[in-house]
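Scroll down for the structure; my scribbles are underneath it.
The values are calculated or read from the model by the stated rules, or taken from the named source; none is laboratory data. Quick caveat: nothing in here was measured; it's all calculated off a predicted structure. When we count neighbours, we look across all protein chains shown, and the Cβ atoms used for this are built from the backbone with ideal geometry, even at glycine.
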Amino acid sequence: MAWTKFFRRNRRDDEAAREIASYIAIETDDNVARGMSPQAAHDAAVRKFGNATQVREEIYWMNTVRPVDTIWQDLKYAVRLLRRDKGFAVAAILSLALGIGANTAIFQLLDTVRLRTLPVTDPHELVVIHFQRGSKLSGRFSSRMPYMTSAQVEELRKQRLDDVFSGLFAWSSLALNTATGGEVRTADTLWVSGETFDILGLRPVIGRLITPADDRPGCGSAPAVISYAYWQRAFGGSTDVLGKTVRLDGTQFDIVGVTPPDFFGLDVGRRFDVAIPICADALLPSQRDRIASRGNFWLAVVGRLQPGQTVATATDRLIAVSPAITAASVPDGYTSEGQQAYKNNKLQARAASSGLSDLREQFAKPLFVLLAATGLVLLIACANLANLLLARATARQREIAIRLAIGASRQRIVGQLLIESVLLALVGTVLGMVVARALTDVLVAQLAAGMGSLFLDLSWNMTVFAFTAAVAGAACLLFGLAPAMQATALAPVTALKTGGRGNSEARGRFGLRKALVVAQVALSLVLLIGALLFGRTLYNVLTIDAGFDQQIMQVELSHPSLQPEDVVQLQVVREDLRQRIAALPGIADAVLVNNAPLTGNWRNEYVYADGKPEKALANFSTVGPNYFTAVGVPIVKGRAFSDADTLHAAPVAVVNETFAKKFFPDREAVGNRIWIEVAEGTPITKIEVVGISRDAKYGDIRDEFDPVVHLPMAQNSDGRMVRMLVKPRGRLDGVMAAITREVGRVNPEISIEMRVIGQQVRDGLVRERLMAALSAAFGALAGLLAAIGIYGVMSYTVTRRANEIGIRLAMGASRSGVLRLVIVEAVWLIGAGIVIGTAMGLGAARAARSLLFGLQPGDPLTMASAIAVLAAIGVIASYLPARRASRVDPMNVLRQE
Amino acid sequence: MLQGALDMLILRSLVIGPAHGHTIAHTIEHGSDRVLQVEHGSLYPALHRLEDRGLLASFWGTSENNRKAKYYRLTPPGRKMLAAETSRWEQLVRAIGQVMKPTTD
């Protein structure tokens, strides 16, 4: 077949050459024999044979596969050309690698977080069931997916939804402590109902998985199943793990099996270590009996749809059964109007094929915005490349004209120019993949800081490959095709006549180059506006005044011995630990707290101002008497708590300024009373406001100041663990070790968890930091590319107009006049780009409004600075060519003509 | 020269025995009393084409005056093809002759 010949084509060509040489030699011999001189004989022989090269070529083409050979030749030629023009090649490949790499990295994250399906059987049949947005729910929300209470799940199961769902399961997740005392070592734990693994279609690697028999209400003991990763990490993948136990918050569980390697749980971005049946929650003293409590939202329910059912039909069915479910599951302590509102809540189904994730809620939008930004960067890079290639095409105009004139086909030349683009795109893509790998590593590390821990499977898959290939292909066409078409559009005669000089050159091509520069400026402005908006957003969140000292540590101690039933005993135990820690060297103060600002432990309740019928939500902080001095929140009116505010004294509260303004708009708060609405397990209490503290942030540093009620620890002995805020004098590292030692002296089995509040707050700002850093990088890159683009086009203009400028100078134009002439032309291009870019930037900023903090999308200062920066870049980039133009020696230029 | 005629002439000239390109050209030219002029631009590609189709085989040998030369010889399929071509050619000549001969005498 042709391919065997193809691979031997060079040998065959060689043979043809020898054959021709042999003919010439024999003919020469004959000629000599006829009496000619050797030279004349040889010449005559060559003449007689005719065009040897053509014969060889004809034989060569018989032996080859023409398109492959053409492409190979063009490729070799392209490599030679690029190697000759290293600067261009490096600039082109680098800008492509950055553009394609950034696009791939962001897409890969998006794919993992958002698009990929769960590694279970038929993930498309899975839906998650939860209350519709805007439902009236209150209670305790105590897991990562706090969608439903145990009572609601039980009522849902009673509804016999077999026609819609082939199975339903409930699950929950939280990190539990596996260590016995000392510093906390956490294991991400899944609570699963008995059917879970069966419905997901998972098989154990060894042992067995949790079954309905394990998950009976009131089970006295329960087995645990561990993940493949945890098996490898904690047990070295040994099979005798099946006899072992795992300790979770002090309770022992027997390990009975290991889940498949690719099953990470249902929560994308996390991985679970241990799974236990739901009934085992009652065995954990650290949880507050979440199964029996009717007001504790801690479960998520996932259903598998029957064949032929859809999310919509399932939702219809769920809405129909919602009244029956809510009527039978009203949480305790709701007022009659609260109950009425609760009973109107409706359930819905939502597709869960790609899992559930708080990561997704938080980052899907930023990732889409970033993907758009990287798309723009790539567009700018392509515009730049197209411009550079156009410039090269102009330089090669004569060469191309000559080739067209001596019979090269237009396709062949377009093909050859395109091959050059394909080569650039290929090399750029390969490098881009390296860039992508590095970038995703950085991104994941950043995200992990904000999430506590992050597990994402970022291996390459077909979707990502297809995306990268599509991006690279599109880029290649974008920057390669137009120049190639343009280069051959000119009639050879015209090209040869003008010879690349003079002013009769095709205006169309130059118009295209100018349009590309305008587009570049516009797109760069969009990215620059984005960079400034996100930069200022980060600045705004970093400089929020939290209202208190963030350099304090939260210390959490937990152990059964710290939870005596007797309230007085409890206070003694806590106070003893507090005094021990406060007395340590390096520690300025320690204060017992329960729900403290910005620690992630929050509580809110409905509150009435005395004598007013309307209620409103307020946040609660339960704190020791020295709280306000320790964390640096001043009392602006009245008094702070004192040691006299004991359990037997009158209940008191200190509220913040926002609370005072909201609940007592027209009277003095201090001295008045507030009522806390009955919530789970607490009686109606009337509390006297004794002081007003300055506002401080409570739940999230980005929130406005909320109304906060501070209650004294002594009167509110809620909570199962000892939690305190510790104010260090100086460095932190020694302090942490000292606390661990001191607590160990009391009881080595006490678990300790410590974190610096300010650090936790900063980690929580990962989204802002990520957006600011990446958009700054993209903005800078875009600015640089725009500068290169403007410089290139203006340089070209100057070269093209050298004659004209020479004549102007010869006729008496001033150098500064010429300078102005060129800069004014650049300013027109930049101005047009800025006008278009401002409009696009405004639109883009509006779309990203929810990611901004403390400024409006159309913030005039940001807009003005972005425009100013870009205008400055543009003018500087055009100044150099302009100066060159003004230094043209008119004699020199005119003599060359 | 007629389409396909060169191929036939090449096959015919090799009936006597193997020959190299120069001899083949010479044989055709002299055999036709120099009426037929062989274009080398067509001869060598034609030789390669025939070899590709398996009608000829080639080997490198030494020419009469001690030059390295590529020799071609007929293969069995080549002989068969020559026979077929020859009879087709004779038919054609006869047919043309009949048309060209004045029949009304």
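Please determine whether any residue of segment B:39-48 is within 14 Å of chain A (Cβ to nearest Cβ), in a loop (DSSP other than H, G, I, E, B) and either surrounded by 15 or more Cβ atoms within 10 Å (Cβ to Cβ) or over 11 Å from the mean Cα position of the chain (by Cα) (or both). Yes - at least one qualifying residue is present in segment B:39-48.
Surrounded by 13 or more Cβ atoms within 10 Å (Cβ to Cβ), free of Cβ contacts under 8 Å to residues at least 24 places away in the same chain and more than 13 Å from chain A (Cβ to nearest Cβ): is that true of residue B:27 in this structure? When the stated conditions are applied, residue B:27 passes them.
The residues of segment A:313-337 that are farther than 14 Å from residue A:160 by Cβ, of a type in the set (D, E, K, R) and under 38 Å from the mean Cα position of the chain (by Cα) amount to a single one, A:316.
Within segment A:764-781, not a single residue is assigned to a strand (DSSP E or B), aliphatic (A, V, I, L, M) and either farther than 30 Å from residue A:523 by Cα or touching a residue at least 40 places away in the same chain (Cβ under 8 Å) (or both). Residue by residue through segment B:49-63, note down the ones that are within 8 Å of chain A (Cβ to nearest Cβ) and more than 21 Å from residue A:9 (Cβ to Cβ). Scanning segment B:49-63 gives a single hit, B:63.
Residue by residue, here is whether (1) under 24 Å from residue A:231 (Cβ atoms); (2) at pLDDT below 85 holds:
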position: A:132; (1), (2): no, no
position: A:166; (1), (2): no, no
position: A:172; (1), (2): yes, no
position: A:175; (1), (2): yes, yes
position: A:188; (1), (2): yes, no
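The C-beta contact set for segment B:85-99 (first residue within 16 Å of residue B:7 (Cβ to Cβ), second residue part of a helix (DSSP H, G or I), distance under 7 angstrom, 6+ apart or interchain) comprises B:85/B:8; B:85/B:11; B:89/B:8.
Given the structure, is residue A:791 at pLDDT below 80 and of a type outside the set (Val, Ile, Thr)? Judged against the criteria, residue A:791 is not a match. Filtered by the rule that a residue be surrounded by fewer than 16 Cβ atoms within 10 Å (Cβ to Cβ), among the polar types (S, T, N, Q), without any contact (Cβ under 8 Å) to a residue 60 or more places away in the chain and part of a loop (DSSP other than H, G, I, E, B), segment A:212-239 gives a lone residue, A:238. Of all residues in segment B:64-74, those being away from every other protein chain (no Cβ under 11 Å) and surrounded by fewer than 17 Cβ atoms within 10 Å (Cβ to Cβ) number 1.
If you go through segment A:407-420 and keep only what is in contact (Cβ under 8 Å) with a residue 60 or more places away in the chain and either over 14 Å from residue A:81 (Cβ atoms) or under 31 Å from the mean Cα position of the chain (by Cα) (or both), you end up with A:410, A:412, A:414, A:415.
Restricting attention to segment B:8-38, the residues that are in a strand (DSSP E or B) and of a type in the set (Gly, Ala, Ser) total 1. Of all residues in segment A:623-638, exactly one satisfies the criterion of being assigned to a loop (DSSP other than H, G, I, E, B) and of a type in the set (A, V, I, L, M, F, W, C), namely A:633. Filtering A:302, A:321, A:330 for residues that are at pLDDT 90 or above and either outside any helix (DSSP H, G or I) or of a type outside the set (Val, Ile, Thr) (or both) leaves a single hit, A:302. Taken as a whole, the structure places residue A:43 among residues that are among the acidic types (Asp, Glu) and at pLDDT 85 or above.
Each row is one residue, and each column tells you yes or no for (1) closer than 30 Å to residue A:365 by Cα; (2) part of a helix (DSSP H, G or I).
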residue	(1), (2)
A:813	no, no
A:834	yes, yes
A:845	yes, yes
A:850	yes, yes
A:864	yes, yes
A:875	no, yes
A:888	no, no
A:891	no, yes
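Scanning segment A:599-624 for residues that are farther than 11 Å from residue A:715 by Cα, more than 38 Å from the chain's Cα centre (by Cα) and not hydrophobic (A, V, I, L, M, F, W, C) returns A:608, A:610, A:611, A:612, A:613, A:614, A:615. Once segment A:753-768 is narrowed to residues that are within 10 Å of residue A:553 (Cβ to Cβ) and among the β-branched types (Val, Ile, Thr), the residue that is surrounded by the fewest Cβ atoms within 10 Å (Cβ to Cβ) is A:756. Among the candidates A:173, A:166, the residue that is within 30 Å of residue A:307 (Cβ to Cβ), buried (at least 17 other Cβ atoms within 10 Å of the Cβ) and touching a residue at least 12 places away in the same chain (Cβ under 8 Å) is uniquely A:173.
Of all the listed residues (A:758, A:764, A:730, A:744), the sole one being farther than 25 Å from residue A:541 by Cβ and either at pLDDT 85 or above or within 32 Å of the chain's Cα centre (by Cα) (or both) is A:744.
Cβ separations smaller than 7 Å between residues 6+ apart or across chains give the following pairs from segment A:240-255 residues that are within 14 Å of residue A:185 (Cα to Cα) to residues that are of a type in the set (S, T, N, Q) and at pLDDT 90 or above: A:248/A:189.
Selection of helices (runs of 4 or more DSSP H) fully inside segment A:1-85 by the criterion of at least 2 residues being within 11 Å of chain B (Cβ to nearest Cβ) returns A:2-7, A:9-33, A:38-49, A:52-62. Within the option set A:620, A:641, being under 17 Å from residue A:692 (Cβ atoms), in contact (Cβ under 8 Å) with a residue 12 or more places away in the chain, touching a His at 6+ places or on another chain (Cβ under 9 Å) and assigned to a loop (DSSP other than H, G, I, E, B) holds for one residue only, A:641. Among the candidates A:805, A:823, A:830, the residue that is under 11 Å from residue A:521 (Cα atoms) and in a helix (DSSP H, G or I) is uniquely A:830.
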